[in-house]
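Here is the structure we will look at.
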Amino acid sequence: MTDINKTKQIVNDYFNYDKLSKYLDTLNTYKIFKYYNINIFYYEKLNDKIDVNYINKILKRAYIITKHINKTFNIHLILSPLKKEFDGLVLTAKNCNSGLTYIYSNKDNPIVNIYIIRKEEFGKVIIHEIIHHITLIHSSFKRSNINKLKKHFNISLKANIDPNETIVEFCATIFHLYQISLETNTDYYKLFKDELNYSLYKTKQLLDLQKKMPNGIWYEESHIYCYIIFKTIIMYNLCEFLKIYTYPYNDDIITDFIINHSKFLLSLTKNIPITINRPSNSLCFMIHSDY
C-alpha cells in the first residue's frame with residue numbers, strides 16, 4: 001500500500017510547480033500493477049479509463065532491466081498532461097524533468113521509489129530512472145571534466161549540469177527505441193533517425209535560447225543541456241561513440257568525445273540543414289536486450 005498524500009507532498013516539494021500541484025489535487029485514488037520486482041502505483045481520478053494493456057507492456061519492458069538488479073522498484077505514475085516547455089530564460093525541473101528517484105536503505109532488498117509526473121514519454125522516463133540503478137552505466141564525472149565542458153560550451157560555472165545524465169538518457173533512448181522496434185516490427189534505424197531529428201530540433205531551441213542569455217553564457221537549474229545537447233552530440237556520432245564507450249565509462253574519454261564532436265552544432269546555430277545519413281556499419285544498430 002502507499003499513502004497518496006505523501007506521494008503528492010514528495011512530488012510537490014521537488015518540482016514546486018503550480019500547474020502540477022493543481023493536477024495532483026484532482027487525483028484521489030490509485031490502482032496497483034505488479035510484475036516480479038516492480039510495483040506500479042497508477043494515480044487517477046475516479047472512473048478514469050486506464051490502458052491496462054499498455055501499462056503491462058511498460059512493466060515487461062522495465063523488467064528486462066530490473067531483473068538484473070536486486071532491488072524492489074515502486075513506480076508512482078502521475079500522468080499529467082503537462083508538456084515540457086522551454087519558457088523563460090532560466091530553465092528548471094518544471095521545464096523538462098519528468099521523474100525523480102528515492103532509495104530507502106535496506107541491505108537485503110533496497111526499495112526504490114520512482115515518481116513520474118508527465119504522460120509525455122513516460123515509458124522512456126521509467127527506463128531512464130531505472131538505469132540510474134545499473135552500476136555499470138550510472139557513474140559520475142569529475143569536477144574538472146564538468147568545468148571543461150562548461151568552458152567549451154560557454155556554460156556558467158554556477159549552472160547545474162550533470163553529464164552522467166547524458167549517458168543515462170542516451171542508454172534509455174537506445175533501449176526504448178529497441179523495444180518499440182521489436183514490438184512494432186519497425187526498422188530500428190528509422191526510429192533512431194526520427195528520434196535524432198527531434199533531438200536536433202530541441203537542441204536548436206536550446207542554442208537559440210542560449211544566444212538570448214547575457215553574453216551567450218548558458219545558465220539553468222536542471223540538467224537540460226545534458227539531457228538534450230550532449231545526448232544529441234552522441235547520437236549524431238553514434239558509430240564513433242560506440243568505439244570508445246566502456247562499461248563502466250571513462251569520463252575523461254567521454255568529455256573529450258563530446259567536445260571534439262560538437263562542431264556540427266554550428267550548422268544548427270546558422271540554420272544550415274543537417275543531413276542524417278544511414279551509417280554504413282549496421283552493427284551500430286545492434287542493441288542487445290540485456291541492457
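Rounded to the nearest 5, what % of the DSSP beta bridges within segment 4-131 are antiparallel ones?
Values: 13 of 25 bridges.
So the antiparallel bridges in segment 4-131 amount to around 50 percent.
Hey, what did segment 143-285 get for relative contact order, percent, Cα under 8 Å, at least 6 apart?
Details: 116 pairs, mean separation 46.3, N = 143.
For segment 143-285, the relative contact order is 32 percent.
List the residues, sorted by chain then number, that are 5 or more residues from residue 79 or on another chain and whose placed amide H is less than 5 Å from its amide H.
For residue 79, the qualifying residues are 43.
On C-alpha positions alone, give me the angle between the axis of helix 251-260 and the longest principal axis of the chain, in degrees, nearest 10.
Long axis of 251-260 versus the principal axis of the chain: about 50 degrees.
Please work out the C-alpha center-to-center distance from segment 189-258 to segment 1-57 and express it in whole Å.
For segment 189-258 versus segment 1-57, the Cα centre distance is 31 Å.
What list of ³J(HN,Hα) values in whole Hz, one per residue of segment 58-67 in order, does the Karplus curve 6.51 cos²θ - 1.76 cosθ + 1.60 (θ = phi - 60°) give from phi, with Gly and Pro shown as x?
Couplings: 4, 4, 5, 4, 5, 5, 3, 8, 5, 5 Hz.
Enumerate the calculated ³J(HN,Hα) couplings along segment 132-138 in order (Karplus 6.51 cos²θ - 1.76 cosθ + 1.60, θ = phi - 60°), each rounded to whole Hz, writing x wherever the residue is Gly or Pro.
4, 9, 9, 5, 6, 10, 6
Mind checking the angle between helix 4-15 and the chain's longest principal axis? C-alpha axes, 0 to 90 degrees, to the nearest 10.
Once rounded, the angle reads 20 degrees.
For n ≥ 4 DSSP H runs only, could you compute -39500 (n - 2.57) per run for the chain, divide by its residues and tell me the 222 nm figure to the nearest 500? Please report the intermediate quantities before stating the final value.
Working: 12 runs with 133 residues, N = 291.
The helix contribution divided over the chain gives -14000 deg cm²/dmol.
What percent does the relative contact order of segment 4-131 come to when contacts are Cα pairs within less than 8 Å and at least six residues apart? All intermediate terms of the calculation are to be shown ahead of the outcome.
Values: 198 pairs, mean separation 30.0, N = 128.
For segment 4-131, the relative contact order is 23 percent.
Could you pull out every residue, at least 5 positions away or on a different chain, whose amide H is within less than 5 Å of the one on residue 155? Hs are placed 1.01 Å off N in the peptide plane, and Pro or chain starts have none.
218
I need the trypsin sites (Lys or Arg not before Pro) found in segment 147-228, filtered to DSSP loop residues with at most 16 other beta carbons within 10 Å of theirs. Mind showing how you got there, number by number?
Working: sites: 148, 150, 151, 158, 190, 193, 202, 204, 211, 212; in loops: 158.
Taking segment 147-228 and a limit of 16 other Cβ atoms within 10 Å, the loop trypsin sites (Lys or Arg not before Pro) found are 158.
Can you list the HN-Hα couplings for segment 197-206, worked out from phi with the Karplus curve (6.51, -1.76, 1.60; θ = phi - 60°), rounded to whole Hz and with x for Gly and Pro?
Couplings: 4, 5, 5, 5, 4, 5, 4, 4, 4, 5 Hz.
Toward the positive end of the charge dipole of the chain, about the Cα centre and with charges on Cβ (Lys, Arg +1; Asp, Glu -1), which of 192, 269, 32 goes farthest?
Going by the charge dipole, the pick is 269.
In the chain, what % of DSSP beta bridges are antiparallel (nearest 5)? Display every interim value, and only then the final one.
Working: 13 of 27 bridges.
Among the beta bridges of the chain, antiparallel pairing accounts for roughly 50 percent.
If you build the Cα gyration tensor of the chain and take the root of 5 times each eigenvalue, what three semi-axes come out, in whole angstrom, biggest first?
Details: eigenvalues 192, 108, 72 Å².
Square roots of five times the eigenvalues give 31, 23, 19 Å.
Using unit Cβ charges (K, R positive; D, E negative) and no other charged atoms, how large, in debye to the nearest 20, is the dipole of the chain about its Cα centre? Write down the numbers at each step before the final one.
Values: 37 positive and 28 negative charges, 54 e Å.
Around 260 debye, computed over the chain.
Where a number appears in this text, it was derived from the coordinates with a stated rule and is not lab data. All of these numbers come straight from a predicted model, not from anything done at the bench. Positions of Cβ are backbone-derived with ideal geometry, glycine not excepted, and every protein chain shown enters the neighbour counts.
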